[in-house]
């Protein structure tokens, strides 16, 4: 019974994963938050120059900026929790699902219609978010003394 209790302490949600995951969430969180702001300013500039398009296009652009900001913010929350030894998997998983929900559907459309500069970031965001989601959903490793 005592051995089982010691095993539970070693397999908590706060068992630190690889350092690269912590750095990945920090960097990707910052990139997504800044990308959201860049998207919003770029779209606003485009709307000022070309005029406001139909409501569907406006809502799509708002959704992209919102998903990037929310996903990035959740990665930053997960990074801070992981750094301080608190549970991080829920925030990281929600951030990854948010990013996957906007990047996944856009990739086929971007490859058909957009220049390459607009194709690469969503692909990278999607792949890295899938990697984070795998780590967040996997069982915690045991700390071996």
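The values are calculated or read from the model by the stated rules, or taken from the named source; none is laboratory data. Because the structure is predicted, anything quoted here is derived from the model rather than measured. Methodologically, a virtual Cβ is constructed for each residue, glycine included, from the backbone with ideal geometry; neighbour enumeration extends over all protein chains shown.
So here's what we get for this one:
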| quantity | calculated |
| --- | --- |
| Within the range 109-140, considering residues that are surrounded by 12 or more Cβ atoms within 10 Å (Cβ to Cβ) and not in a helix (DSSP H, G or I), the one farthest from the chain's Cα centre (by Cα) | 114 |
| Some residue of the range 32-44 being in contact with a helix residue (DSSP H, G or I) (Cβ under 9 Å, 6 or more places away or on another chain), modelled with pLDDT of 65 or more, surrounded by 14 or more Cβ atoms within 10 Å (Cβ to Cβ) and within 23 Å of residue 87 (Cα to Cα) | yes |
| Any hit, the range 73-81, residues being surrounded by 14 or more Cβ atoms within 10 Å (Cβ to Cβ), part of a helix (DSSP H, G or I), in contact (Cβ under 8 Å) with a residue 60 or more places away in the chain and under 18 Å from the mean Cα position of the chain (by Cα) | no |
